[in-house]
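The next block holds one structure in the form of structure tokens; read it before the comments.
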Amino acid sequence: MEDLRNYIKKIQENLMRVVQEKNADLLSDLVTTYYSENSLIMPANHAWVQGLEAIKSFWADLLNPDFKELRCETLDLQLQDDTAYEIGKATSIFLEEGQLITDIATYLIVWKRHDGVWKVNVDIWNDSIPPSGQ
């Protein structure tokens, strides 16, 4: 389980780098490495997104200059055979209408091991901030 925990920690560190450096190549590599064509993300207040290209397109928002910071923290990790359940929180800081906004999302990621490699199967989260216009 410690190997998986370290694997996830490395992903989180690389996501922070993507936001800090606005590194499109690293973002593309991360999505290709950690998601599969069958992966599904279920963002708060957004339609489901499935498949590598759609997921890459969705995560491209991390490259937006108004997206300032992302920090992820695994709070719980449970392992059952070739499936793992990660519960955590993600803090994002972004500029909206000239003001810095901090959102603390809670998330659940279901990981599946395929041929010895862990991939995101389902990634779902809730935001602490209501959608715009609410």
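Can you name the residue in the stretch 46-72 that is touching a residue at least 40 places away in the same chain (Cβ under 8 Å) and exposed (fewer than 14 other Cβ atoms within 10 Å of the Cβ) and is also nearest to N14 (Cα to Cα) among such residues? Among those that are touching a residue at least 40 places away in the same chain (Cβ under 8 Å) and exposed (fewer than 14 other Cβ atoms within 10 Å of the Cβ), it is E69.
Has the stretch 47-58 got any residue that is part of a strand (DSSP E or B) and hydroxyl-bearing (S, T, Y)? Within the stretch 47-58, not a single residue is part of a strand (DSSP E or B) and hydroxyl-bearing (S, T, Y). Residue check: is D61 touching a strand residue (DSSP E or B) at 6+ places or on another chain (Cβ under 7 Å), of a type in the set (D, E) and not in a strand (DSSP E or B)? When the stated conditions are applied, D61 passes them.
The single condition among (1) at pLDDT below 95; (2) in contact with a His (Cβ under 9 Å, 6 or more places away or on another chain); (3) surrounded by fewer than 16 Cβ atoms within 10 Å (Cβ to Cβ) that D82 does not satisfy is (1).
Quick one: is E73 under 25 Å from D115 (Cα atoms), at pLDDT 95 or above and among the charged types (D, E, K, R)? No; evaluated as a whole, the condition is false for this residue. Scanning the stretch 95-112 for residues that are part of a strand (DSSP E or B), farther than 15 Å from W125 by Cα and not basic (K, R) yields L95, E96, Q99, L100, I101, T102. Can you tell me which residue in the stretch 85-103 is farthest from the chain's Cα centre (by Cα), limited to those that are hydroxyl-bearing (S, T, Y) and loosely packed, with under 15 Cβ neighbours inside 10 Å? Once the filter is applied, the top-ranked residue is T102.
Summed over the stretch 1-45, the residues that are aliphatic (A, V, I, L, M), surrounded by fewer than 16 Cβ atoms within 10 Å (Cβ to Cβ) and in a strand (DSSP E or B) give a count of 0.
Residues in the stretch 104-134 that are surrounded by 15 or more Cβ atoms within 10 Å (Cβ to Cβ), more than 21 Å from L79 (Cβ to Cβ) and either at pLDDT 95 or above or not acidic (D, E) (or both): A105, I129.
The values are calculated or read from the model by the stated rules, or taken from the named source; none is laboratory data. Worth saying up front: this structure is predicted, and the values here are computed from it rather than measured. A quick note on method: Cβ atoms are made from the backbone with ideal geometry, for glycine too, and the neighbour counts reach across all protein chains shown.
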